[in-house]
1. Hey, residue 73 hits all of (1) modelled with pLDDT under 85; (2) assigned to a loop (DSSP other than H, G, I, E, B); (3) not hydroxyl-bearing (Ser, Thr, Tyr) but one; which does it fall short on?
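The values are calculated or read from the model by the stated rules, or taken from the named source; none is laboratory data. Keep in mind the model is a prediction, meaning the values are calculated, not measured. Because the Cβ atoms are built from the backbone with ideal geometry, glycine has one as well, and the counts that use them run over all protein chains shown.
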Amino acid sequence: MSFQEILGHGTLRRLCILPGAQRAVRPFVKTREKIDSILAYCPRIEELTVSIPGTNGDFREVEIHRALGRMPRLKKLEIFFDCSGFYAWCKGGSSLQPTSPLRYADIQDILINASIDEPLIYSIFRTIIEASPREFPLQRLKAVIFDFGNLGVEYTADLDAIVQFLFRKWQYIQVQEMVMTTL
């Protein structure tokens, strides 16, 4: 189903937009504009699962979080952080992953994007809540590291331990009676 076809279903309450396992086709890159389109055409979304390309937490990522906060009925949000660097490889219209091993700088970016901890999840949750015009904002945020891509190296026991540590899942739940204050 194409993105335009999804937008034609304005009564959707649940939506899951994740890339397929086969990446030989041009990926659907989530941007603030695409989240705004979902908001405009599918305003009844209550549960959303979406992958977001890791961009080292730059303004593009923050804008996506703010756009998610503007969804008026969103109660449950599951974000899959795609840390593979695949989206950076698509510049220039190419949709295939590189065949040569990644440079150390590329591996460093992938690991930085995958370094999600409790303060970062809290910050993302606060960004979404602060952008929310709703009386009862987002109740649950779940964050998952989705993909490291091909790091171009064989995993050693040490690297495997790091990868397993980074593949943790985080969840932040807000009870409606709880008042959150800015720290």
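1. (1)
Every residue, every condition in (1) crowded, with 18+ Cβ neighbours inside 10 Å; (2) at pLDDT 75 or above; (3) closer than 22 Å to residue 13 by Cα; (4) out of contact with any helix residue (DSSP H, G or I) (no Cβ under 6 Å at 6 or more places or on another chain), yes or no:
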{"residue": "30", "(1), (2), (3), (4)": "yes, yes, yes, yes"}
{"residue": "49", "(1), (2), (3), (4)": "no, yes, yes, yes"}
{"residue": "52", "(1), (2), (3), (4)": "yes, yes, yes, no"}
{"residue": "64", "(1), (2), (3), (4)": "yes, yes, yes, no"}
{"residue": "79", "(1), (2), (3), (4)": "yes, yes, yes, yes"}
{"residue": "83", "(1), (2), (3), (4)": "yes, no, no, no"}
{"residue": "99", "(1), (2), (3), (4)": "no, no, no, yes"}
{"residue": "120", "(1), (2), (3), (4)": "no, yes, no, yes"}
{"residue": "124", "(1), (2), (3), (4)": "yes, yes, no, no"}
